[in-house]
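Asks: Have a look at the structure that comes next, please.
No lab work stands behind these numbers, since they all come straight from the coordinates. This is a predicted model, so every value here is computed, not measured. All Cβ positions, even for glycine, are placed from backbone atoms using ideal geometry, and neighbour counts span all protein chains on display.
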Amino acid sequence: MKTPTVFLSFGLLIVANLSDGSRLAKADDDAPNWQRLSEWTRALSEKYGFEVATAREPYADKATKYQPTTWESYVSFVPVLEESLGRLPVDFLKAAGLRKLVLCGEIEHYQIKYPGLAEPLNSLIYIDVRALISDKIQQMIYDRSRLFHEFYHLVDHDLCYNPVSRAYSDYAWQGLNAADFRYVIDGGERPVNSGLKEPMPGFLTSYCRQAIGEDKSEIFAWLIVRPDLVEAKQADDRILKAKVDSLKETLKKKYPGMDDKFWLDNQKSYHNMRPRPQGVPKTP
Ligand SMILES: [Zn+2]
């Protein structure tokens with residue numbers, strides 16, 4: 001996903017405030033409790049069958065780097081993660097083959113910063129949990145759409161990657177686009193608009209035009225987080241509607257639980273999503 005526009009070192013401000021002696025009792029109440037955080041993430045790991053890690057040290061390999069971040073950022077994000085995972089059928093989460101979900105600070109992949117990153121070949125997802133946006137609703141959408149977007153990259157890999165030929169292909173999806181359309185990664189034109197302002201028929205957001213995998217991940221994430229917006233946009237967009245139908249049909253065939261009832265239930269319950277807590281988070 002592309003880099004967000006807002007980053008605040010919110011956690012550092014909290015630590016500075018708590019060093020004030022007049023707030024000592026409060027500081028004790030809210031002191032970082034890494035062990036309890038670990039117990040919380042371990043419970044999620046056991047439930048879903050993949051490791052949920054909170055980065056404590058900087059990490060770098062040939063392609064990817066990340067930094068650790070503050071306890072406050074982790075503690076405010078884990079409830080969002082817990083609620084988001086709870087929206088998907090457990091068997092679907094397990095089937096996608098995710099091995100490890102890393103919550104961390106700044107993420108770089110080949111020197112480019114990303115707020116979220118999926119590495120399907122390594123069965124990994126990284127999420128930068130620092131971002132705080134002043135608009136709570138935007139924050140709610142941003143946090144969850146990143147999670148569901150990155151998760152869908154693993155699902156898509158499971159569906160469309162051939163480990164023998166080591167090739168990714170989805171000719172059926174490509175065939176839904178206009179014959180002369182090319183994704184940016186294949187030499188197509190870069191969009192000038194951003195997000196849902198994408199005016200090109202067939203594409204939900206501008207980032208959908210980046211690559212075939214991004215097209216699908218964006219649609220899946222928005223279908224979960226704001227199905228009303230997808231519904232409105234596909235109403236007069238034949239290509240987009242075909243893509244939404246195709247994505248749902250593919251999931252329904254492959255994963256029990258990702259059926260019509262799942263989407264109906266989500267339609268009824270997406271309003272209940274809440275932004276991550278702001279202010280000093282409570283010890284879990
Ligand atoms: Zn992506």
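Asks: Tell me the helices (runs of 4 or more DSSP H) entirely within region 196-284 that contain at least 3 residues that are surrounded by fewer than 21 Cβ atoms within 10 Å (Cβ to Cβ). Explain how you work it out, then say what you get.
Replies: Working: elements: 212-225, 227-234, 238-254, 260-269.
Helices (runs of 4 or more DSSP H) meeting the threshold: 227-234, 238-254, 260-269.
Asks: Name the pairs: first residue in region 248-263 and within 19 Å of GLY86 (Cα to Cα), second residue aromatic (Phe, Trp, Tyr), Cβ to Cβ under 6 Å, at least 6 apart or on different chains?
Replies: TYR255/PHE92; GLY257/PHE92; MET258/PHE92
Asks: Among the residues of region 90-145, write down those that are of a type in the set (Asp, Glu) and more than 16 Å from the ligand (Cβ to nearest atom). Working first, answer last.
Replies: Step one: list which residues in region 90-145 are of a type in the set (Asp, Glu), which gives 91, 106, 108, 119, 128, 135, 143.
Result: ASP91, GLU106, ASP135.
So that you can scan it fast, the table gives a plain yes or no per residue for (1) in contact (Cβ under 8 Å) with a residue 60 or more places away in the chain; (2) among the polar types (S, T, N, Q):
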| residue | (1), (2) |
| --- | --- |
| THR205 | no, yes |
| LYS216 | yes, no |
| PRO227 | no, no |
| ALA232 | no, no |
| LYS241 | no, no |
| ASP245 | no, no |
